[in-house]
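The values are calculated or read from the model by the stated rules, or taken from the named source; none is laboratory data. All figures in this text were calculated on a predicted structure; none of them were measured in a lab. Every residue, glycine as well, gets a Cβ built from its backbone with ideal geometry; the counts of neighbours run over all protein chains shown. Only protein heavy atoms, including side chains, enter the accessible area calculation; ligands, DNA and RNA are left aside. Shrake-Rupley method; radii C 1.70, N 1.55, O 1.52, S 1.80 Å.
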Amino acid sequence: MFLSFILMLSFISCDTVAQKKLNSTTEVTWEHSAHGIWRASVGRTQSISLLKAADISPNYEAIATLSNPEFPLDKEKISAEVINGETYLRFPLQKGEELFGLGLNFKTHNQRGRILKLHMDHYGNEDNGRSHAPVPFYVSTEGYGVLIDAAKYIQVYAGTGVRAEADEPPVLHDRNTDSGWEAQPYSDAVEILVPADGTDFYVFGGDSMLEVVQRYNLFNGGGTLPPKWGLGFTQRVPTLFSAKDIEKEVADFESHDFPLDFIGVEPGWHTMAYPCTFEWEKSRFPHPEGFVQGLLDKGIRANLWINPYVSPKGSLYPRIKPFTGSHTVWNGIVPDFTLKEAKTLFKSHFMENHIDIGVSGYKIDEVDGFDQWLWPDVATFPSGTTAEEMRQIYGTIMQKMTADWFKEKNQRTYGLVRAANVGTNSLPYVIYNDYYSHKDFITALINSSFIGVLWTPEVRASGSAEEWLRRMQSVCFSPMAMLNAWADGTKPWSFPEVEKEVREVARLRMQLLPYIYTAFAKYQQEGIPPFRAMQLVKGFSFKSEKVKGELDGTANPYADATIREVKYQYMMGDDILVAPMFTGEKTRQVILPTGKWYDFYTGAFAGEQEIITIAPGLDQIPLFVKDGGIIPMITARNRMPSANETLQLTVRHYGMAPGKFLLYDDDGTTFDYEKGKYSQAILKVDKLNNEFKGSIKIDNKEYFNYKSEINWEFMTQNK
Ligand code: GAL
């Protein structure tokens with residue numbers, strides 16, 4: 001009896017010790033990293049991390065201009081511990097709080113209640129963490145952000161786990177009798193497992209979700225400012241197109257009077273691809289320099305497709321071999337770009353053969369996944385970087401490396417990439433993929449704004465003229481207006497019945513250059529994403545809704561909820577709300593934030609803090625402008641302007657309120673703006689005796705490439 005009592009006691013105390021270990025909260029020491037940004041470390045410092053790979057300096061000056069928040073979370077409720085060589089992190093959650101970010105998701109928006117394993121991969125039709133940008137950063141509706149700086153496959157339980165010792169335990173329900181029973185009881189924490197014996201992590205404060213995102217972007221150097229030509233239309237040509245075919249393509253664009261600023265040259269320019277030689281195939285491109293210069297003479301840039309896997313048939317192979325990993329990808333060796341030697345060899349080859357002859361950018365393909373194709377996690381690299389770390393950072397390193405080459409020449413680039421991670425917001429790349437759901441492409445575009453990346457809903461083939469036009473409309477209201485015809489050879493005019501409408505929307509994008517370019521300048525200077533989720537608009541309120549479903553005994557007896565989210569409308573810049581239409585839909589709903597909103601095309605009042613139902617025609621993508629919105633535009637054209645052109649501005653004003661717009665401009669191609677060589681003109685609309693009057697005040701006139709006489713259009717007046 002006595003013995004069993006002792007035994008029982010010892011069991012209890014063992015249990016308590018084990019429990020204690022898992023539940024205990026080692027005190028986290030926070031250090032001020034920048035204004036409103038706090039950093040903490042746990043366990044061993046890792047030599048590779050996401051921030052270290054990106055190697056970008058924060059824009060402290062711009063961060064200092066933001067609000068001065070207190071530490072936004074209850075420090076006592078944050079825990080960090082290394083257990084058995086892995087890091088366990090926990091952050092508190094409030095009731096009703098929603099979380100955004102955690103990778104580039106395509107189908108979902110609010111991540112609260114979801115489990116994600118953040119793993120670099122090609123998107124596989126499921127929001128499970130495997131994505132082109134598995135960025136371990138989330139933004140909360142409570143006005144803070146959390147970043148885990150680990151180049152690992154991080155597991156995030158975003159408010160799913162329920163600890164026995166939870167601060168806010170869920171209510172107990174009897175499923176037999178109580179309809180309030182939930183398959184997923186309330187969870188009061190985000191819990192994160194980092195498969196490493198230590199990590200750094202950060203908390204970002206802000207007076208709004210937008211400011212948290214701004215801080216995150218500015219911490220990573222601010223957003224990228226593309227060259228003006230990068231914001232024009234781009235066509236990617238079929239794989240085996242030759243220089244001659246491309247010249248004909250350009251002529252066809254001219255005869256169809258269609259905008260074109262850069263051409264994407266797909267794998268056929270290499271003497272061998274998958275793996276690649278990075279050398280021009282002479283039968284298709286006998287005079288590479290003449291080809292590239294010929295395009296440049298017409299004002300068109302060339303962008304070259306690459307993947308990084310080096311072919312044994314290429315001249316780079318023997319030289320780079322010592323600096324490559326243990327495994328091949330499509331028989332190509334995999335450069336270890338964490339080594340200076342590998343970078344230097346690539347640089348001299350790429351400079352000499354491409355950039356110095358006038359190539360303007362790259363499409364960096366296949367740096368994301370799939371598992372069956374890429375190096376496995378058992379691969380090793382000469383630097384000692386693990387295969388897992390390499391997978392998480394490869395796209396980042398390639399973006400940084402190639403961007404630096406152009407920067408050295410004081411030349412901006414704008415390209416494509418399939419893998420991005422923390423710190424890439426300042427790099428001139430837009431993510432794309434092979435997936436092709438129009439609706440999910442828009443959700444990805446929206447989600448990209450929470451994690452500091454850009455996304456293009458590229459157009460490829462379409463099943464109907466309607467789908468073609470609807471997709472074209474969306475891509476023209478995205479960071480890169482691209483038709484990717486690598487496989488099917490489609491042209492913007494492939495559906496003649498909508499050629500006119502497709503041309504019109506492409507030209508509308510060209511007309512909006514001053515507005516879009518300014519939105520990107522704000523990304524660069526203030527960290528404000530140019531294309532962004534409605535949640536990042538001040539005054540926008542919409543709570544995701546849980547909708548009770550019927551109990552389903554066959555498919556999933558626990559499926560009790562679906563979540564309604566704002567996944568199909570977004571902001572372009574500060575003033576334009578974009579609500580794309582999808583094939584087969586004749587009407588749609590649009591949620592208008594606080595304040596009055598006006599139809600972009602007519603200037604008519606559309607609504608105010610309400611959900612409206614619209615029935616637009618096929619020819620227009622629905623656009624709404626906020627009250628007092630000012631939209632500077634230029635005349636429709638087929639190429640973006642060069643620095644020595646002076647353009648006529650037409651400035652539209654919407655609504656009944658006065659307005660102000662800070663119009664940004666610079667030479668459009670170099671980095672001289674970093675030395676202050678840019679202009680910011682104040683466009684202002686005042687109301688005097690019930691009449692609107694526009695004015696302009698220009699600073700740094702020499703960098704302002706517009707005429708100072710402006711055509712003002714008061715879109716709403718008298719309506
Ligand atoms: C794919 C890429 C496509 C196209 C193709 C060329 O991996 O996603 O956009 O470039 O390669 O082979």
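For the reader, a short list of remarks on this structure follows.
- Restricting the stretch 404-420 to residues that are of a type in the set (A, V, I, L, M, F, W, C) and surrounded by 24 or more Cβ atoms within 10 Å (Cβ to Cβ), the residue that is farthest from the ligand (Cβ to nearest atom): Ala420
- Restricting Gly230, Gly205 to those that are within 24 Å of Glu501 (Cα to Cα) and in contact with a Phe, Trp or Tyr (Cβ under 7 Å, 6 or more places away or on another chain) reduces the list to Gly230.
- Test: residue in the stretch 111-130 that is out of contact with any helix residue (DSSP H, G or I) (no Cβ under 6 Å at 6 or more places or on another chain), β-branched (Val, Ile, Thr) and surrounded by fewer than 19 Cβ atoms within 10 Å (Cβ to Cβ): yes
- Any chance Glu388 is in a helix (DSSP H, G or I), within 24 Å of Gln155 (Cβ to Cβ), in contact with a Phe, Trp or Tyr (Cβ under 8 Å, 6 or more places away or on another chain) and open to solvent by 10 Å² or more (accessible area, probe 1.4 Å): yes
- Residue match in the stretch 312-328 (condition: within 16 Å of the ligand (Cβ to nearest atom), touching a residue at least 12 places away in the same chain (Cβ under 8 Å) and surrounded by fewer than 22 Cβ atoms within 10 Å (Cβ to Cβ)): no
- Residues satisfying the stated conditions in the stretch 447-467, i.e. assigned to a helix (DSSP H, G or I) and surrounded by 24 or more Cβ atoms within 10 Å (Cβ to Cβ): Asn447, Ser448
- Of all residues in the stretch 524-546, those that are surrounded by fewer than 23 Cβ atoms within 10 Å (Cβ to Cβ) and part of a loop (DSSP other than H, G, I, E, B) total 8.
- For the stretch 172-231, taking the residues that are acidic (Asp, Glu) and under 26 Å from Gln392 (Cβ atoms), the one that is farthest from the chain's Cα centre (by Cα) is identified as Asp197.
Table: residues versus (1) part of a strand (DSSP E or B); (2) over 22 Å from Asp365 (Cα atoms).
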{"site": "Leu104", "(1), (2)": "no, no"}
{"site": "His109", "(1), (2)": "no, yes"}
{"site": "Glu126", "(1), (2)": "no, no"}
{"site": "Tyr138", "(1), (2)": "yes, yes"}
{"site": "Ile148", "(1), (2)": "yes, yes"}
{"site": "Lys152", "(1), (2)": "no, no"}
{"site": "Tyr157", "(1), (2)": "yes, yes"}
{"site": "Thr160", "(1), (2)": "no, yes"}
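- Whichever residue in the stretch 347-401 is under 26 Å from Thr239 (Cβ atoms) and among the hydroxyl-bearing types (Ser, Thr, Tyr) and, among such residues, is nearest to the ligand (Cβ to nearest atom): Tyr362
- Criterion violated by Gly221 - all others in (1) crowded, with 20+ Cβ neighbours inside 10 Å; (2) within 13 Å of the ligand (Cβ to nearest atom) satisfied: (2)
Rundown of residues vs (1) open to solvent by less than 10 Å² (accessible area, probe 1.4 Å); (2) aromatic (Phe, Trp, Tyr); (3) not assigned by TED's automatic domain parsing to the domain that holds Gly584, yes/no style:
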residue: Gln620; (1), (2), (3): no, no, no
residue: Thr635; (1), (2), (3): no, no, yes
residue: Ser642; (1), (2), (3): no, no, yes
residue: His653; (1), (2), (3): yes, no, yes
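- Members of the stretch 421-441 found to be more than 16 Å from the ligand (Cβ to nearest atom) and among the aliphatic types (A, V, I, L, M), listed by number: Val422, Leu427
- Elements of type strands (runs of 3 or more DSSP E) in the stretch 625-719, at least 3 residues being within 27 Å of the chain's Cα centre (by Cα) and closer than 19 Å to Ala519 by Cα: 630-633, 659-665
Residue-wise test of (1) over 30 Å from Glu408 (Cβ atoms); (2) surrounded by fewer than 17 Cβ atoms within 10 Å (Cβ to Cβ); (3) out of contact with any Lys or Arg (no Cβ under 6 Å at 6 or more places or on another chain); (4) not aliphatic (A, V, I, L, M).
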position: Tyr598; (1), (2), (3), (4): yes, no, yes, yes
position: Asp665; (1), (2), (3), (4): no, no, yes, yes
position: Gly668; (1), (2), (3), (4): no, no, no, yes
position: Asp672; (1), (2), (3), (4): no, yes, yes, yes
position: Gly676; (1), (2), (3), (4): no, yes, yes, yes
position: Asn690; (1), (2), (3), (4): yes, yes, yes, yes
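- Single residue of the stretch 468-486 satisfying the filter (assigned to a loop (DSSP other than H, G, I, E, B) and under 18 Å from Phe262 (Cβ atoms)) that is nearest to the ligand (Cβ to nearest atom): Trp486
- Each residue in the stretch 255-288 was checked for being within 28 Å of Arg639 (Cβ to Cβ), away from the ligand (no atom under 16 Å from the Cβ) and in contact (Cβ under 8 Å) with a residue 24 or more places away in the chain, and 11 of them qualify.
- Among the candidates Ala521, Ala506, Ala444, residue that is in a helix (DSSP H, G or I), modelled with pLDDT of 95 or more and within 16 Å of the ligand (Cβ to nearest atom): Ala444
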